[in-house]
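The values are calculated or read from the model by the stated rules, or taken from the named source; none is laboratory data. Note that the coordinates shown come from a computational prediction; the quantities given were computed from them, not determined experimentally. Reconstructed Cβ throughout: ideal geometry from the backbone, glycine too, with neighbour counts over all protein chains shown. All accessible areas refer to the heavy atoms of the entire protein, side chains included, with ligands and DNA or RNA removed. Shrake-Rupley method; radii C 1.70, N 1.55, O 1.52, S 1.80 Å.
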Amino acid sequence: MLISPKEINTILKVAGSQVTARGKKYFEQGRVKLREFEYTSENEFEANVYVRGTYRYEVVVKKRKDELQYGCNCPAANGQVTPCKHVIATIFDMYINPEKYLSNLDDIVSKTIDDSISIEESLDKLIEKRNDRRLPIIEYYENLELDIEDSTEDKV
């Protein structure tokens with residue numbers, strides 16, 4: 001698992017519901033395009049992606065020693081500690097589609113994870129885990145949409 005639900009929830013709490021909703025929309029519209037992915041282990045990787053909106057912005061998500069870091073070159077993220085919608089779209093993409101990132105590795109057969117499992121086998125396991133986790137994240141999406149609609153109706 002590249003990004004855990006706990007890590008996602010921590011980032012979403014910091015981002016807030018409006019930024020999360022915009023990032024979710026960007027993810028669902030397929031605006032996240034992988035540029036480069038460097039993988040050492042589940043606890044150490046770096047993803048460089050483009051997220052296309054009005055402009056194309058670069059997002060970097062890094063994990064080093066179980067610490068997740070992120071950044072974006074958009075004006076909203078400039079100098080801010082909170083993640084922008086581009087970062088949110090990227091972490092959703094990494095969570096739901098880990099095979100997109102792992103399948104682009106060079107020499108996929110020769111590299112190993114935990115010194116015993118090939119990346120192909122690990123990829124199969126990640127896909128199985130993703131399918132098991134997909135229902136809770138879909139439920140989260142549905143609740144997120146309901147919360148946004150409810151809050152909009154209250155203001156009208």
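Just checking, does region 50-73 include any residue being of a type in the set (Gly, Ala, Ser), open to solvent by 10 Å² or more (accessible area, probe 1.4 Å), in contact (Cβ under 8 Å) with a residue 12 or more places away in the chain and assigned to a loop (DSSP other than H, G, I, E, B)? Steps first, answer last, please.
So the first thing to find is which residues in region 50-73 are of a type in the set (Gly, Ala, Ser), and the list is 53, 71.
Narrowing further to those that are open to solvent by 10 Å² or more (accessible area, probe 1.4 Å): 53, 71.
Now drop any that are not in contact (Cβ under 8 Å) with a residue 12 or more places away in the chain, which leaves 53, 71.
Filter once more, so that each one left must be assigned to a loop (DSSP other than H, G, I, E, B): 53.
Yes, the conditions are met somewhere in region 50-73.
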Would you confirm whether any residue within region 76-91 is open to solvent by 90 Å² or more (accessible area, probe 1.4 Å), at pLDDT 95 or above and either of a type in the set (D, E, K, R) or part of a loop (DSSP other than H, G, I, E, B) (or both)?
no
Restricting to region 1-29, name every residue that is outside any helix (DSSP H, G or I), within 25 Å of residue 54 (Cα to Cα) and open to solvent by 30 Å² or more (accessible area, probe 1.4 Å).
29
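Of the residues that make up region 70-92, is at least one of a type in the set (Lys, Arg) and in contact with a Leu (Cβ under 7 Å, 6 or more places away or on another chain)?
Our first condition is that a residue be of a type in the set (Lys, Arg); within region 70-92, this holds for 85.
Adding the requirement that they be in contact with a Leu (Cβ under 7 Å, 6 or more places away or on another chain) leaves none.
No; the residues of region 70-92 include none that is of a type in the set (Lys, Arg) and in contact with a Leu (Cβ under 7 Å, 6 or more places away or on another chain).
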Restrict the check to region 34-48 and report whether at least one residue is at pLDDT 95 or above and of a type in the set (Val, Ile, Thr).
no
